[in-house]
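Report on one structure; see the data block that follows.
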Amino acid sequence: MITKLLDIENLHVSFISNDREFEAVKGVTFSLNKGETLGIVGESGSGKSVTARSIMRLLPSPPSLLKEGSIKFLGQELTEKTDQEMEKIRGKEISMIFQDPMTSLNPSIKIGVQIAEGIRKHRDVSKEQAKKETIELLELVGIQQPETRFKQYPHEFSGGMRQRVMIAMALACQPELLIADEPTTALDVTIQAQILRLMKQMQQKFETSIILITHDLGVVAGMCDKVIVMKEGEIVEANTTEEIFNNPQHPYTKRLLNALPKLHEKKNKKSANATGRYGPYCPAS
Ligand SMILES: Nc1ncnc2c1ncn2[C@@H]1O[C@H](COP(=O)(O)OP(=O)(O)OP(=O)(O)O)[C@@H](O)[C@H]1O
Ligand SMILES: [Mg+2]
(Lines give C-alpha, C1' and ligand atoms only; values in the text may rest on other atoms or scores of the structure.)
(Ligands and ions follow the chains in the order given, each with its own letter.)
Protein backbone atom coordinates (compact mmCIF):
# COMPACT_ATOMS: atom_id res chain seq x y z
CA MET A 1 0.00 0.00 0.00
CA ILE A 2 1.27 3.45 -0.88
CA THR A 3 1.24 5.93 2.00
CA LYS A 4 1.54 9.59 1.18
CA LEU A 5 4.03 11.06 3.61
CA LEU A 6 4.50 14.62 2.48
CA ASP A 7 2.31 16.81 0.36
CA ILE A 8 3.46 20.31 -0.46
CA GLU A 9 1.15 22.56 -2.36
CA ASN A 10 1.75 25.98 -3.85
CA LEU A 11 4.46 26.95 -1.37
CA HIS A 12 5.50 30.60 -1.48
CA VAL A 13 8.33 31.84 0.72
CA SER A 14 9.70 35.38 0.67
CA PHE A 15 12.40 37.30 2.48
CA ILE A 16 11.54 40.79 3.57
CA SER A 17 14.17 43.40 4.24
CA ASN A 18 13.88 47.19 4.26
CA ASP A 19 10.31 46.82 3.03
CA ARG A 20 11.60 44.98 -0.02
CA GLU A 21 10.30 41.53 -0.78
CA PHE A 22 12.36 38.84 -2.41
CA GLU A 23 10.43 35.77 -3.52
CA ALA A 24 12.75 32.82 -2.93
CA VAL A 25 10.17 30.05 -3.47
CA LYS A 26 7.32 30.67 -5.88
CA GLY A 27 4.54 28.11 -5.92
CA VAL A 28 6.36 24.85 -5.30
CA THR A 29 4.20 21.70 -5.35
CA PHE A 30 5.37 18.13 -4.88
CA SER A 31 4.64 15.03 -2.85
CA LEU A 32 6.54 12.11 -1.42
CA ASN A 33 5.38 8.60 -0.54
CA LYS A 34 6.66 6.47 2.28
CA GLY A 35 10.01 4.87 1.51
CA GLU A 36 10.61 7.03 -1.57
CA THR A 37 13.63 9.18 -2.31
CA LEU A 38 13.10 12.51 -4.01
CA GLY A 39 16.01 14.44 -5.48
CA ILE A 40 15.96 18.23 -5.66
CA VAL A 41 18.43 19.67 -8.13
CA GLY A 42 18.86 23.19 -9.44
CA GLU A 43 21.33 26.00 -9.72
CA SER A 44 22.64 27.90 -6.73
CA GLY A 45 20.02 30.21 -5.27
CA SER A 46 17.09 28.40 -6.90
CA GLY A 47 15.33 27.84 -3.56
CA LYS A 48 16.26 24.24 -2.72
CA SER A 49 17.43 24.92 0.84
CA VAL A 50 14.64 27.41 1.49
CA THR A 51 12.13 24.72 0.49
CA ALA A 52 13.81 22.17 2.76
CA ARG A 53 14.05 24.54 5.70
CA SER A 54 10.41 25.54 5.24
CA ILE A 55 9.37 21.93 5.78
CA MET A 56 11.42 21.83 8.98
CA ARG A 57 10.19 25.35 9.81
CA LEU A 58 13.79 26.33 10.38
CA LEU A 59 13.73 29.68 8.62
CA PRO A 60 13.81 32.64 10.98
CA SER A 61 10.76 34.83 10.59
CA PRO A 62 11.41 37.69 10.04
CA PRO A 63 13.10 38.00 7.58
CA SER A 64 11.42 34.96 6.03
CA LEU A 65 7.69 34.83 5.43
CA LEU A 66 5.69 31.80 4.44
CA LYS A 67 3.20 33.67 2.32
CA GLU A 68 1.04 30.94 0.98
CA GLY A 69 0.78 27.21 0.61
CA SER A 70 0.34 24.00 2.48
CA ILE A 71 2.86 21.50 3.86
CA LYS A 72 1.07 18.36 4.92
CA PHE A 73 3.10 15.72 6.72
CA LEU A 74 1.17 12.52 7.40
CA GLY A 75 -1.99 14.55 7.11
CA GLN A 76 -0.90 17.22 9.62
CA GLU A 77 -0.60 20.79 8.39
CA LEU A 78 2.93 21.82 9.39
CA THR A 79 2.43 25.47 8.53
CA GLU A 80 -0.09 25.73 11.35
CA LYS A 81 2.03 24.07 14.04
CA THR A 82 3.34 26.12 16.94
CA ASP A 83 7.10 26.25 17.52
CA GLN A 84 6.69 23.88 20.44
CA GLU A 85 4.81 21.37 18.33
CA MET A 86 7.49 21.63 15.65
CA GLU A 87 10.19 20.99 18.26
CA LYS A 88 8.58 17.61 18.87
CA ILE A 89 8.41 16.76 15.19
CA ARG A 90 11.96 17.86 14.37
CA GLY A 91 14.47 15.15 15.07
CA LYS A 92 11.77 12.63 15.84
CA GLU A 93 9.60 12.48 12.73
CA ILE A 94 11.60 14.65 10.38
CA SER A 95 15.38 14.97 10.55
CA MET A 96 17.75 17.02 8.51
CA ILE A 97 21.39 16.57 7.56
CA PHE A 98 23.21 19.73 6.55
CA GLN A 99 26.10 20.26 4.20
CA ASP A 100 28.47 21.25 6.94
CA PRO A 101 28.11 18.99 9.96
CA MET A 102 30.07 21.43 12.13
CA THR A 103 27.16 23.87 11.97
CA SER A 104 24.87 21.28 13.54
CA LEU A 105 27.26 19.71 16.03
CA ASN A 106 28.09 21.49 19.24
CA PRO A 107 31.90 21.72 19.34
CA SER A 108 32.04 21.70 23.13
CA ILE A 109 29.93 18.60 23.79
CA LYS A 110 31.15 15.04 23.38
CA ILE A 111 29.80 13.34 20.28
CA GLY A 112 28.16 10.50 22.19
CA VAL A 113 26.49 12.84 24.62
CA GLN A 114 25.02 14.88 21.76
CA ILE A 115 23.48 11.81 20.14
CA ALA A 116 22.24 10.41 23.45
CA GLU A 117 20.65 13.75 24.34
CA GLY A 118 18.82 13.70 21.02
CA ILE A 119 17.44 10.27 21.84
CA ARG A 120 16.36 11.28 25.34
CA LYS A 121 14.73 14.46 24.10
CA HIS A 122 12.19 12.48 22.14
CA ARG A 123 11.96 9.20 23.95
CA ASP A 124 11.53 8.26 27.55
CA VAL A 125 14.63 6.11 27.99
CA SER A 126 17.24 5.95 30.74
CA LYS A 127 20.67 7.52 30.35
CA GLU A 128 22.22 4.07 30.18
CA GLN A 129 19.81 2.93 27.49
CA ALA A 130 20.45 6.09 25.43
CA LYS A 131 24.19 5.49 25.72
CA LYS A 132 23.83 1.88 24.66
CA GLU A 133 21.75 2.88 21.65
CA THR A 134 24.20 5.64 20.74
CA ILE A 135 27.10 3.21 20.71
CA GLU A 136 25.09 0.84 18.53
CA LEU A 137 24.26 3.71 16.17
CA LEU A 138 27.90 4.78 15.92
CA GLU A 139 28.78 1.22 15.06
CA LEU A 140 25.96 1.05 12.54
CA VAL A 141 27.25 4.10 10.66
CA GLY A 142 30.70 2.54 10.48
CA ILE A 143 32.55 4.32 13.26
CA GLN A 144 35.13 2.04 14.76
CA GLN A 145 35.78 1.79 18.47
CA PRO A 146 32.44 3.46 19.22
CA GLU A 147 32.97 3.33 23.02
CA THR A 148 36.11 5.44 22.68
CA ARG A 149 34.57 7.67 20.05
CA PHE A 150 31.55 8.28 22.24
CA LYS A 151 33.75 10.32 24.58
CA GLN A 152 35.42 12.43 21.92
CA TYR A 153 34.62 15.93 20.70
CA PRO A 154 33.63 16.88 17.13
CA HIS A 155 37.09 18.30 16.31
CA GLU A 156 38.59 14.87 16.93
CA PHE A 157 36.57 13.47 14.02
CA SER A 158 37.39 13.79 10.31
CA GLY A 159 34.89 15.43 7.94
CA GLY A 160 33.59 12.08 6.71
CA MET A 161 33.24 10.78 10.25
CA ARG A 162 31.35 13.89 11.33
CA GLN A 163 28.97 13.37 8.46
CA ARG A 164 28.45 9.79 9.66
CA VAL A 165 27.75 11.15 13.12
CA MET A 166 25.16 13.49 11.59
CA ILE A 167 23.51 10.52 9.94
CA ALA A 168 23.55 8.63 13.24
CA MET A 169 21.97 11.66 14.95
CA ALA A 170 19.41 12.10 12.21
CA LEU A 171 18.43 8.45 12.42
CA ALA A 172 18.55 8.13 16.20
CA CYS A 173 14.78 8.42 16.49
CA GLN A 174 14.05 6.61 13.24
CA PRO A 175 12.38 9.54 11.51
CA GLU A 176 9.78 9.04 8.81
CA LEU A 177 11.48 11.67 6.68
CA LEU A 178 15.14 12.51 6.30
CA ILE A 179 16.04 15.72 4.51
CA ALA A 180 19.64 15.76 3.35
CA ASP A 181 20.80 19.13 2.02
CA GLU A 182 24.01 18.55 0.06
CA PRO A 183 25.12 15.98 2.62
CA THR A 184 28.28 14.98 0.81
CA THR A 185 29.35 18.02 -1.19
CA ALA A 186 32.22 18.83 1.14
CA LEU A 187 33.59 15.29 1.10
CA ASP A 188 35.92 13.53 -1.26
CA VAL A 189 34.47 11.13 -3.79
CA THR A 190 35.25 7.88 -1.96
CA ILE A 191 33.79 9.07 1.33
CA GLN A 192 30.84 10.54 -0.56
CA ALA A 193 30.01 7.14 -2.06
CA GLN A 194 30.31 5.50 1.37
CA ILE A 195 27.99 8.04 3.00
CA LEU A 196 25.40 7.68 0.23
CA ARG A 197 25.55 3.90 0.49
CA LEU A 198 25.07 4.22 4.21
CA MET A 199 22.02 6.44 3.75
CA LYS A 200 20.52 3.85 1.43
CA GLN A 201 21.19 1.02 3.88
CA MET A 202 19.59 3.03 6.66
CA GLN A 203 16.63 3.78 4.43
CA GLN A 204 16.12 0.09 3.77
CA LYS A 205 16.46 -0.77 7.42
CA PHE A 206 14.11 1.91 8.76
CA GLU A 207 11.90 2.51 5.69
CA THR A 208 12.82 6.18 5.79
CA SER A 209 11.71 8.55 3.05
CA ILE A 210 14.45 10.86 1.85
CA ILE A 211 14.61 14.28 0.24
CA LEU A 212 18.08 14.63 -1.20
CA ILE A 213 19.29 18.03 -2.34
CA THR A 214 22.31 17.88 -4.56
CA HIS A 215 24.10 19.51 -7.48
CA ASP A 216 25.23 16.14 -8.68
CA LEU A 217 22.98 14.30 -11.11
CA GLY A 218 25.20 11.25 -10.80
CA VAL A 219 24.20 11.07 -7.15
CA VAL A 220 20.55 11.49 -8.12
CA ALA A 221 20.80 8.55 -10.53
CA GLY A 222 22.11 6.30 -7.82
CA MET A 223 19.78 7.38 -5.05
CA CYS A 224 16.48 8.86 -6.20
CA ASP A 225 13.15 7.51 -7.42
CA LYS A 226 12.01 10.89 -8.67
CA VAL A 227 13.44 14.31 -9.21
CA ILE A 228 12.36 17.92 -9.22
CA VAL A 229 14.45 20.52 -10.99
CA MET A 230 14.29 24.04 -9.56
CA LYS A 231 15.16 27.36 -11.12
CA GLU A 232 14.60 30.82 -9.67
CA GLY A 233 12.24 29.57 -6.99
CA GLU A 234 10.09 27.43 -9.24
CA ILE A 235 9.95 23.81 -10.27
CA VAL A 236 10.74 23.74 -13.97
CA GLU A 237 10.63 19.98 -14.35
CA ALA A 238 9.45 17.04 -12.25
CA ASN A 239 9.55 13.41 -13.20
CA THR A 240 10.82 9.95 -12.34
CA THR A 241 14.59 9.72 -12.31
CA GLU A 242 14.47 7.49 -15.35
CA GLU A 243 12.41 9.97 -17.38
CA ILE A 244 14.58 12.89 -16.29
CA PHE A 245 17.62 11.06 -17.59
CA ASN A 246 16.09 9.57 -20.72
CA ASN A 247 13.74 12.32 -21.73
CA PRO A 248 14.66 15.68 -20.20
CA GLN A 249 12.38 18.53 -21.24
CA HIS A 250 13.69 21.73 -19.75
CA PRO A 251 16.83 23.32 -21.24
CA TYR A 252 18.32 23.62 -17.74
CA THR A 253 17.87 19.88 -17.11
CA LYS A 254 19.44 19.18 -20.47
CA ARG A 255 22.39 21.39 -19.60
CA LEU A 256 22.83 19.59 -16.29
CA LEU A 257 22.80 16.25 -18.07
CA ASN A 258 25.26 17.42 -20.67
CA ALA A 259 27.64 18.45 -17.94
CA LEU A 260 27.78 14.90 -16.61
CA PRO A 261 30.69 12.65 -17.43
CA LYS A 262 29.37 9.94 -19.73
CA LEU A 263 30.59 6.49 -18.84
CA HIS A 264 30.47 5.11 -22.36
CA GLU A 265 32.67 7.90 -23.62
CA LYS A 266 35.42 7.04 -21.17
CA LYS A 267 38.19 5.08 -22.71
CA ASN A 268 39.91 4.34 -19.52
CA LYS A 269 37.98 2.35 -16.96
CA LYS A 270 39.87 3.81 -14.03
CA SER A 271 38.81 7.38 -14.74
CA ALA A 272 35.22 6.29 -15.33
CA ASN A 273 35.13 4.85 -11.86
CA ALA A 274 36.65 7.93 -10.38
CA THR A 275 34.12 10.34 -11.87
CA GLY A 276 31.02 8.32 -12.53
CA ARG A 277 30.64 6.60 -9.21
CA TYR A 278 26.95 6.16 -9.74
CA GLY A 279 26.98 5.99 -13.51
CA PRO A 280 24.61 8.69 -14.68
CA TYR A 281 22.60 6.40 -16.90
CA CYS A 282 22.12 3.49 -14.60
CA PRO A 283 19.70 4.40 -11.83
CA ALA A 284 19.99 1.90 -9.03
CA SER A 285 16.90 -0.18 -8.34
N1 LIG B 1 18.11 34.26 5.33
C2 LIG B 1 17.95 34.76 4.10
N3 LIG B 1 17.74 36.09 3.91
C4 LIG B 1 17.57 36.59 2.67
N5 LIG B 1 17.61 35.87 1.54
C6 LIG B 1 17.82 34.54 1.67
C7 LIG B 1 18.02 33.91 2.95
N8 LIG B 1 18.20 32.59 2.76
C9 LIG B 1 18.15 32.41 1.42
N10 LIG B 1 17.91 33.57 0.77
C11 LIG B 1 17.78 33.74 -0.68
O12 LIG B 1 16.83 32.84 -1.18
C13 LIG B 1 17.24 32.33 -2.44
C14 LIG B 1 17.20 30.82 -2.41
O15 LIG B 1 18.22 30.37 -1.54
P16 LIG B 1 18.52 28.85 -1.24
O17 LIG B 1 19.43 28.82 -0.09
O18 LIG B 1 17.24 28.12 -1.13
O19 LIG B 1 19.25 28.39 -2.57
P20 LIG B 1 19.77 26.93 -2.98
O21 LIG B 1 18.96 26.50 -4.16
O22 LIG B 1 19.75 26.07 -1.78
O23 LIG B 1 21.24 27.26 -3.45
P24 LIG B 1 22.64 26.46 -3.20
O25 LIG B 1 22.67 25.42 -4.26
O26 LIG B 1 23.67 27.51 -3.40
O27 LIG B 1 22.61 25.91 -1.80
C28 LIG B 1 18.62 32.89 -2.71
O29 LIG B 1 18.51 33.96 -3.60
C30 LIG B 1 19.09 33.38 -1.35
O31 LIG B 1 19.92 34.49 -1.49
MG1 LIG C 1 21.24 25.25 -0.57
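Could you go through the range 201-210 and let me know if any residue there is closer than 22 Å to residue 245 by Cβ and touching a helix residue (DSSP H, G or I) at 6+ places or on another chain (Cβ under 7 Å).
Within the range 201-210 (the criterion being closer than 22 Å to residue 245 by Cβ and touching a helix residue (DSSP H, G or I) at 6+ places or on another chain (Cβ under 7 Å)), the answer is yes, since at least one residue qualifies.
Go over the candidates 262, 254 one by one and state the one that is loosely packed, with under 15 Cβ neighbours inside 10 Å and modelled with pLDDT under 85.
From the options 262, 254, the qualifying one is 262.
Does the range 82-90 include one or more residues that are more than 11 Å from ligand 1 (Cβ to nearest atom), in contact with a His (Cβ under 9 Å, 6 or more places away or on another chain), at pLDDT below 95 and of a type in the set (D, E, K, R)?
yes
Out of 201, 192, report the one residue that is in contact with a Ser or Thr (Cβ under 9 Å, 6 or more places away or on another chain), surrounded by fewer than 23 Cβ atoms within 10 Å (Cβ to Cβ) and not aromatic (Phe, Trp, Tyr).
192
Out of the residues in the range 54-67 meeting the condition of being within 11 Å of ligand 1 (Cβ to nearest atom) and in contact (Cβ under 8 Å) with a residue 24 or more places away in the chain, tell me which one is surrounded by the most Cβ atoms within 10 Å (Cβ to Cβ).
So, considering only residues that are within 11 Å of ligand 1 (Cβ to nearest atom) and in contact (Cβ under 8 Å) with a residue 24 or more places away in the chain, the one surrounded by the most Cβ atoms within 10 Å (Cβ to Cβ) is 54.
With in contact (Cβ under 8 Å) with a residue 40 or more places away in the chain, away from ligand 2 (no atom under 16 Å from the Cβ) and among the charged types (D, E, K, R) as the only criterion, which of 81, 110 stands out?
Going through 81, 110 in turn, the sole match is 110.
Any residue that is more than 16 Å from ligand 1 (Cβ to nearest atom), in contact with a Cys (Cβ under 7 Å, 6 or more places away or on another chain) and among the β-branched types (Val, Ile, Thr) - is there at least one of those in the range 229-250?
The answer is yes; a qualifying residue exists.
A quick yes/no check of all residues on (1) more than 16 Å from ligand 2 (Cβ to nearest atom); (2) in a helix (DSSP H, G or I); (3) within 20 Å of residue 231 (Cα to Cα):
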site	(1), (2), (3)
10	yes, no, yes
15	no, no, yes
24	no, no, yes
27	yes, no, yes
31	yes, no, yes
38	no, no, yes
51	no, yes, yes
55	no, yes, yes
58	no, no, no
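Which ones in the range 1-41 are surrounded by fewer than 17 Cβ atoms within 10 Å (Cβ to Cβ) and basic (Lys, Arg)?
4, 20, 34 - these are the residues of the range 1-41 that are surrounded by fewer than 17 Cβ atoms within 10 Å (Cβ to Cβ) and basic (Lys, Arg).
Suppose we filter the range 61-116 for residues that are closer than 21 Å to residue 182 by Cβ and among the hydroxyl-bearing types (Ser, Thr, Tyr); how many remain?
So the answer is 4.
Considering only the range 186-243, give the strands (runs of 3 or more DSSP E) lying wholly within it that have at least 2 residues that are within 16 Å of ligand 2 (Cβ to nearest atom), more than 21 Å from residue 141 (Cα to Cα) and at pLDDT 85 or above.
By residue number, 226-231, 234-240.
The values are calculated or read from the model by the stated rules, or taken from the named source; none is laboratory data. In this text, all values refer to a predicted model and were calculated from it rather than measured experimentally. Here the Cβ is made from the backbone with ideal geometry for all residues, glycine too, and neighbour counts use every protein chain on show.
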